[in-house]
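Visitor: Questions regarding the structure given below will be posed in turn.
The values are calculated or read from the model by the stated rules, or taken from the named source; none is laboratory data. Every value quoted in this text rests on a predicted model; they were computed, and no experiment measured them. In this analysis, Cβ positions are derived from the backbone assuming ideal geometry, glycine residues included, and neighbour counts consider all displayed protein chains. When the accessible area is computed, the model is the full protein with side chains, heavy atoms only, and any ligands, DNA or RNA have been set aside. Shrake-Rupley method; radii C 1.70, N 1.55, O 1.52, S 1.80 Å.
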Amino acid sequence: TFFPTPFPTVSVEPTSVPTSAPTSAPTSASLTVGCLSIPGNGTSTFNLITGDVLCDGATGTCADFVSEVDALTDEGKSKMIKSIFGCNDKDPPQPVALQVAQKRFDKIKNDEGVTSALLAIAKEDTKLFTGSGTVVTKACNGSCCRGGIDCTVQPANGGVMTVSSGSCTESQACGRTRPNAIILDSCKGPSSCRELGAFSVQPAAGVEVGHSVIGPRACVGSLSCAFMGVHTFGDIRVEEGACDALEACANLAQKGIQGSTTTTPVVVSVFIGKNACQRNSACRRLHSSNTKIRGSVIIEDGACSGANTCYGLGLSISATNDIIVRAEVCTNLTAPCTNCARGPLCASADETYVIDNAADCPGPVPSACEVV
């Protein structure tokens, strides 16, 4: 009988021990932030926060943003951007705690559309004002926030907003918005962006709410973007050239109240792409209801173009799936998608109702339901 030998018959050289320590992982990019004591005045005192806000790594959208902010030749413009994350709602504004600044920074740091828009505005002859509504209105000195209750945050004294010169230019524009809204050369017209992303009943303490960023050059016209995203908890983003006329995007994704005791709310987000929802009443009341709480919205670039296009799309208590309108779809040259998809949309809550051709309206039709 064969018995195996108790030891290996071939000698094995031991693995050599490395002579140098492994290279350490790259550190995260960071941005020194603070607060201008006079919003929009790049030469006023800039009070620094102890510690920097951090990206998630050394490369990527956030790291590029940090690099470009620090590289701005106009140091005052750099401070205006840094103040978005670092100012409180006092008069004059004071620096917030580092963890507050980090939370604000986290909301936008990886969103290339937002970071590039901020940099583009900073490179123009445009100022950025950050503080409470009252402080911002005073600092604008007529260049923005010119009408009654313009540039106020809901709840009163509940946070800050950032407004560029040329924004919120008529009565009640940007009035009673969600805290931390960023308005870039936008919201031009009576009541434009009024109660943007606001809550009539404030969220429970500790519940996170997404960013709301408008522009540049979006929501132009009386009541444009008014009451958009009311009672939603996710991000609200309207890109350049979108919602450009009377009542365009008004009441879009306006949802029902979830209450002040809800600690895990349903999160709804809104994204309106470049040059989408153009002309009077385009996208008005899209996917809205005073009782339903579900249903995010994505309107891609150039979609819903023409008067009344996409008006009332998804306007039904039973339409609760997310909705996407693909680029260049739902125009007056194709099919306007007015009052489209009113009723139960998809069999599964995990599916999205995707409108990519005229056959998906008036609907709803099962073939438009996809897992995306």
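Visitor: So for the chain: antiparallel DSSP bridges make up what percent, rounded to the nearest 5?
Guide: 35
Visitor: Given labels modelled 7 Å from the Cα in the Cβ direction, how far is it in nm from residue 307 to residue 291?
Guide: Placing both labels 7 Å along Cα→Cβ, they lie 3.3 nm apart.
Visitor: Another question, if that's okay. Given a Förster distance of 56 angstrom, what is the FRET efficiency for residue 349 paired with residue 124, based on the Cβ-Cβ distance and rounded to 0.05?
Guide: Efficiency, from the Cβ-Cβ distance: 0.80.
Visitor: Here's another thing I want to ask about it. What's the FRET efficiency of residue 262 with residue 149 using the Cβ-Cβ distance as r and R₀ = 25 Å, to the nearest 0.05?
Guide: Given R0 = 25 Å and the Cβ-Cβ separation, E is 0.35.
Visitor: So, one more: I need the calculated FRET efficiency for the pair residue 141 and residue 318, taking r as the beta carbon distance and R₀ as 56 Å, to the nearest 0.05.
Guide: With R0 = 56 Å, the Cβ-Cβ based efficiency is 0.70.
Visitor: Next up: Defining a contact as two alpha carbons under 8 Å apart and six or more residues distant in sequence, what relative contact order in percent does the stretch 281-372 show?
Guide: Contact order relative to length: 27 percent.
Visitor: Moving on. Quick check for me: using +1 on Lys/Arg Cβ and -1 on Asp/Glu Cβ, what's the dipole size of the chain about its Cα centre, in debye to the nearest 20? Could you put the intermediate results ahead of the total?
Guide: On the way: 27 positive and 34 negative charges, 246 e Å.
Here the size comes out at about 1180 debye.
Visitor: So for the stretch 96-176, averaging the separation of alpha carbon pairs under 8 Å that are six or more residues apart and normalising by length, what relative contact order in percent results?
Guide: Reported as a whole number, the value is 27 percent.
Visitor: Give me log10 I(q)/I(0) at q = 0.16, 0.19, 0.27 Å⁻¹ for the stretch 31-104, Debye formula, one equal scatterer per alpha-carbon, no solvent.
Guide: Evaluating at q = 0.16, 0.19, 0.27 Å⁻¹ gives log10 I(q)/I(0) of -0.52, -0.73, -1.26.
Visitor: With the alpha-carbon atoms as the only input, what is the per residue convex hull volume for the stretch 278-335 in Å³?
Guide: 65
Visitor: Hey, another quick one. Considering only protein heavy atoms, what per residue accessible area in square angstrom results for the chain with a 1.4 angstrom probe? All intermediate terms of the calculation are to be shown ahead of the outcome.
Guide: Numbers: 16260 Å² over 372 residues.
Per residue, the chain has an accessible area of 44 Å².
Visitor: Let me ask something else. Simple spin-label model, 7 Å along Cα-to-Cβ: residue 71 to residue 205 in nm?
Guide: For residue 71 paired with residue 205, the spin-label model returns 4.5 nm.
Visitor: May I ask which residue of 139, 120, 96 lies farthest towards the positive end of the charge dipole of the chain, with charges of +1 (Lys, Arg) and -1 (Asp, Glu) on Cβ and the Cα centre as origin?
Guide: 139
Visitor: Quick one: Cα centre-to-centre distance for the stretch 268-294 and the stretch 297-322, in angstrom?
Guide: Computed from Cα coordinates, the inter-centre distance equals 6 Å.
Visitor: Rounded to the nearest percent, how much of the accessible area of the chain (1.4 Å probe, protein heavy atoms only) is carbon and sulfur?
Guide: Working: 8550 of 16260 Å².
Here it works out to 53 percent.
Visitor: What shape does the chain take by its C-alpha gyration tensor, where a ≥ b ≥ c are the square roots of the eigenvalues and a/c under 1.5 counts as rounded, a/b above b/c as prolate, and the rest as oblate?
Guide: In terms of gyration-tensor shape, oblate.
Visitor: Give the lysines whose C-alpha is closer than 21 Å to that of residue 77, dropping any in the same chain fewer than 8 places away, or say none.
Guide: Filter leaves 107, 109, 123, 127, 138.
Visitor: Calculate, in whole percent, how much of the Cα-Cα pair population of the stretch 210-287 lies beyond 22 Å.
Guide: Percentage above 22 Å: 20.
Visitor: Rg and Dmax in Å for the stretch 72-124, alpha carbons only: what are they?
Guide: 11.9, 32
Visitor: Bin all alpha-carbon pair distances of the stretch 249-311 at 5 Å intervals from 0 and give each bin's fraction as a whole percent.
Guide: Spelled out per bin, shortest first, that is 5, 18, 26, 21, 13, 9, 5, 3, 0.
Visitor: Taking only C-alpha pairs under 8 Å that are 6+ residues apart, what is the relative contact order of the chain in percent?
Guide: After rounding, I find 8 percent.
Visitor: Also, quick follow-up: Between residue 32 and residue 45, what is the label-to-label distance in nm when each label sits 7 Å out along the Cα-to-Cβ direction?
Guide: For the pair residue 32/residue 45, the computed spacing is 1.8 nm.
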